[in-house]
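To keep things clear, I will list the structure first and then write my remarks on it.
We did not get these values from a lab; they are worked out from the coordinates using the rules stated. Keep in mind the model is a prediction, meaning the values are calculated, not measured. Using ideal geometry, Cβ is built from the backbone for each residue, glycine included, and neighbour counts are taken over all protein chains shown.
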Amino acid sequence: LFAMNPQVVFVLGGPGAGKGTQCAKIVENYSYTHLSAGDLLREERSRTESEYGVLIDSYIKEGKIVPVEITISLLKKAMERTMKKDKDKFRFLIDGFPRNEDNLQGWARVMDGKADVKFVLFFDCSNEVCINRCLERGKSSGRTDDNKESLEKRIQTYLQSTRPIIEQYEKHGKVHTIDASRAVNEVFADVKTAGGLITAQGF
Ligand code: UP5
Ligand code: MG
């Protein structure tokens, strides 16, 4: 369908680790398109015709991971839309995905051979810092999961389901870990010097 497979960097880290913030900075500086799986799910939830609205809403509030068929179809459509508009836009930061084994298997089933996963950027941050950032943001974000109850569940899900996925990629030498507990610009300085690797991957 397209001349070139989409080139993908998965961006992972706990809730509030700064995935979205750092992706925005990468996009300002390099030719990448940012796709946040969480943002796509929230968008889908708010579409009145969506048959998944109620399901997505309850999964997000409970900090549970939405069935992969829904998430993949949103990601795939977003990639296709971007590449159709501009054939030079084939590099993607996929933020907040894959979060569990179901996500990983779903990706393999649907995207193997259709997209190339280059590496994983892992924003590493203590649970305490993550929770505080989200609670702070919760004062104005309007996100239904930026409250204490949801955050406890989000952290549990992250530790139980997402960390093992990051570890799997680590075993294959595919993870670039960044200390995300520091100030935004300090973190971004590291993202940039993730350098050799990033340049080699065409950032
Ligand atoms: N902030 C950022 N960096 C900072 C820094 N260095 N110093 C100080 N403050 C910093 O940042 C969070 C807040 O911290 C902001 O206020 C920011 O200004 C500040 P942000 O960049 O938004 O962090 P991010 O890691 O993107 O946090 P987010 O809350 O988006 O992470 P989650 O992974 O929890 O949320 P996501 O949107 O990815 O997923 C939400 C839910 O959707 C999931 O819980 C799940 O239910 C569902 N979901 C799926 O089911 N499947 C998916 O594939 C994806 C999501
Ligand atoms: Mg985010």
Legend entry - 10 Å binning of all Cα-Cα separations within the chain, expressed as whole percents from 0 upward: 8, 36, 39, 16, 1
Legend entry - Share of pairwise Cα separations in segment 29-77, more than 11 Å, in percent: 69 percent
Inset, instruction - Quick one: pull the percentage of alpha-carbon pairs in segment 51-164 with a separation above 16 Å. - result: 67 percent
Inset, instruction - Work out the FRET efficiency for Leu55 and Arg143 from their Cβ-Cβ distance, taking R0 = 25 Å, and round it to the nearest 0.05. - result: 0.90
Legend entry - Cα-centre dipole for the chain with unit charges at Cβ (Lys and Arg positive, Asp and Glu negative), debye to 20: 400 debye
Inset, instruction - Work out, in µm²/s and without decimals, the Stokes-Einstein translational diffusion coefficient of segment 1-119 at 25 °C, 0.890 mPa s, Rh from Kirkwood over C-alpha pairs. - result: 166 µm²/s
Legend entry - Relative packing of 101-107, 11-17, which averages over residues the other C-beta atoms within 10 Å, highest first: 11-17, 101-107
Legend entry - Count of lysine pairs in segment 82-195 with Cα separation under 27 Å (8 or more residues apart, or interchain): 22
Inset, instruction - Please state, as a whole number in µm²/s, the translational diffusion coefficient that the Stokes-Einstein equation yields for segment 1-65 at 37 °C and 0.692 mPa s, with Rh defined as the Kirkwood radius across alpha carbon pairs. - result: 235 µm²/s
Legend entry - Hz values of 3J(HN,Hα) by residue in segment 47-62 - Karplus curve (6.51, -1.76, 1.60), Gly and Pro given as x: 6, 5, 7, 5, 7, 9, x, 5, 4, 4, 4, 6, 4, 5, 4, 8
Inset, instruction - Stick to Cα atoms and the Kirkwood definition of Rh, then tell me Rg/Rh for segment 117-202. - result: 1.03
Legend entry - Cα pair distances of segment 46-108 binned at 10 Å [whole percent]: 19, 45, 31, 6
